[in-house]
Structure formats: structure tokens, C-alpha cells
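Written out below as C-alpha cells is the structure these notes cover.
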Amino acid sequence: MPKIERWIIDKVLDATSIVEVISDFVELRKAGVNYTGCCPFHDDHHDGNFIVRPEGVKSGGGTYRCFVCDAKGGVVQFLMNHEHMTFPDAIRWLGKKYSIEVDNAPVDYIPPQTRPKPEPLPMLSIPREIVRKSMRYIQRDRFCNWLRHLPWSTSAERERIEKVLWMYCLGHWKDGRVIFWQIDETGNGRSGKLMRYLSDGHRDTRRFDLEL
Ligand SMILES: [Zn+2]
């Protein structure tokens, strides 16, 4: 069997839906944005342990996971683990399912570097009111207070810190973390990075559950 070229693997995965594939082997039920069913990797009688998440970073993405036996992976891993296929055979199986030639691929393909760029994803826009509101609570922020109380040599220097905090649009999240906003030219947020600090100005890198 010839080696499967990367662009064919991408083409096959682009056409693949993990929910459709796993549904060929497991009865899945929609649960919100995910799907659940009985886990095929252990003796499962409880629909709900096995979760399929259709969303993924890329097409052909999406994951499955069992919260009892910890089976997990993407669509190719599912075929490899459940059907004991090799990686190339899993791609061939998907190619057959989605009517894509894998081993006799047409030669007149467009090389990846000349393929049209996919439409960019719509940009996330965080209303400036939310950004401004988070900045209003900066007085009570631990990291910003640490900055304010550094041994500045003049009061002008100390005052400058307020301007810097404002210019960087630092916000204060309700759980005590600082928000480093990314702001676009219209004043709306594009994203924000949340970081927790100790009162000595060091990052608190312990893990916390995300509370939104
Ligand atoms: Zn399981």
C-alpha cells in the first residue's frame, strides 16, 4: 500500500464527523452540545459515562472520553482502539465512508500552499462596557496594589502607575484574578488573559477551577 499523503489525510479529516463515525458503533444520544452513550471500551450499562464532543479546534476534530475507564481520543483513535485498525487503515475507512479516494487520489490536486485560505473565524468582540467595568474594580486588585506599593522614589512615579494600569486596561475579575485585556482600536476587547497573583507580586500558578 502506498503511503497516504498528508493532504489526503487532511481532506478525509475535513469531511469527517466524529459523531457520525462513532454512531456507526455506539448508540449516541444528544445531550446539549455533546453526545452520550454507553462506553464501548468497558462493560458499561450506564448511558452518560461516555461523552462525544463534536467541537474541535480543526475539522475532523472532536473527541470522545469515558469517565469510567478513561478511554479517550479523536475520531482516528476511536477507529484504532475500537476496530483495531492501523492509522492508515483508519484513514482508508473514513475515506470510504465519505467517498474520498485515498490510495488512488487524483493527481490534479491543489498543493496545500496554493489552496485558498479558509475564511477567517469571526472575531470575538467583548463589549467595551465589560472591559471598562472590570477596570473599575482595579482599586481592590492585589497585583495592582503590589505595583502601587513598590518603593517608588517620587510621588510622580507612584502616580504614573495609575496611568500605566489604565493604559494597559488591567481589569479585576471577581475571583481575584487580574485580566490583561487585548483591546482593539474600537475599544472592544478581543480576548483577556486571567492571572492570579500573590501579595508579593509573584504569579500564583496553582490551578483553580474556572468560574465564569
Ligand atoms: Zn469506558
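Report ³J(HN,Hα) in whole Hz for each residue of the stretch 30-46, in order, from the Karplus equation J = 6.51 cos²θ - 1.76 cosθ + 1.60 where θ = phi - 60°; Gly and Pro get x.
After applying 6.51 cos²θ - 1.76 cosθ + 1.60, I find 6, 9, x, 7, 9, 10, 10, x, 7, 5, x, 9, 9, 6, 10, 10, 10 Hz.
So what is log10(I(q)/I(0)) for the stretch 17-71 at q = 0.16, 0.17, 0.26 1/Å, when the Debye sum runs over its Cα atoms only?
Here the Debye-derived log intensity ratios amount to -0.41, -0.46, -1.03.
Can you list the residues, at least 5 places off or on another chain, whose amide H is less than 5 Å from the amide H of A31, using H built in the peptide plane?
Here the answer is T36, since their amide H atoms fall under 5 Å of that of A31.
Mind checking the full-extension length gain between R136 and E119? Use 0.36 nm per residue of separation minus the Cα-Cα distance, one decimal, nm.
Gain on stretching R136 to E119: 2.5 nm.
Can you sort V131, V21 from fewest to most other Cβ atoms within 10 Å of each residue's own Cβ? Before the final figure, lay out each step's value.
Numbers: V131 19, V21 24.
Ascending number of Cβ neighbours within 10 Å: V131, V21.
Which whole-number percent gives the relative contact order of the chain, counting Cα pairs below 8 Å spaced six or more residues apart? Kindly include the intermediate steps, with their values, before the conclusion.
Values: 284 pairs, mean separation 28.1, N = 212.
Relative contact order, the chain: 13 percent.
For the chain, how big is the tail of P(r) above 25 Å, as a whole percent of Cα pairs?
Working: 13607 of 22366 pairs.
Roughly 61 percent, once rounded to a whole number.
Averaged over every viewing direction, what's the projected area of the C-alpha convex hull for the stretch 111-202? Give it in nm², one decimal, please.
Values: hull surface 35.8 nm².
Computed as one quarter of the Cα hull surface, the answer is 8.9 nm².
Once amide H atoms are placed 1.01 Å from N in the peptide plane, what residues at a sequence separation of 5 or more from G192, or on another chain, have their amide H within under 5 Å of its amide H?
HN-HN under 5 Å from G192: Q182.
Quick check: convex hull of the Cα atoms in the stretch 160-208, volume per residue, rounded to a whole Å³?
Values: hull volume 4.4 nm³, N = 49.
Considering the Cα atoms of the stretch 160-208, their hull volume per residue is 90 Å³.
How much net charge surrounds G95 when only other residues with a Cβ under 15 Å from its Cβ are counted (Lys, Arg +1; Asp, Glu -1)?
Values: positive: K3, R6, K11, R92, K96, K97; negative: E5, D10, D14, E20, D24, E83, D89, E101, D103.
Combined, the nearby Lys, Arg, Asp and Glu give -3.
State, as an integer percentage, the relative contact order of the stretch 1-55 based on alpha-carbon contacts under 8 Å between residues 6 or more apart. Numbers along the way, then the final one.
Numbers: 55 pairs, mean separation 14.5, N = 55.
The value is 26 percent.
Under the rule of at least 5 residues apart or a separate chain, name every residue whose amide H is placed under 5 Å from the amide H of G73.
Y64
Can you give the extra length, in nm with one decimal, that the chain gains between K30 and T86 once fully stretched, where that is 0.36 nm per residue apart less the Cα-Cα distance?
Details: separation 56, 0.36 × 56 = 20.16 nm, distance 2.91 nm.
Extending this stretch completely gives an extra 17.2 nm.
Bear in mind these aren't lab numbers, they're just calculated from the coordinates by the rules spelled out. Note that the coordinates shown come from a computational prediction; the quantities given were computed from them, not determined experimentally. Methodologically, a virtual Cβ is constructed for each residue, glycine included, from the backbone with ideal geometry; neighbour enumeration extends over all protein chains shown.
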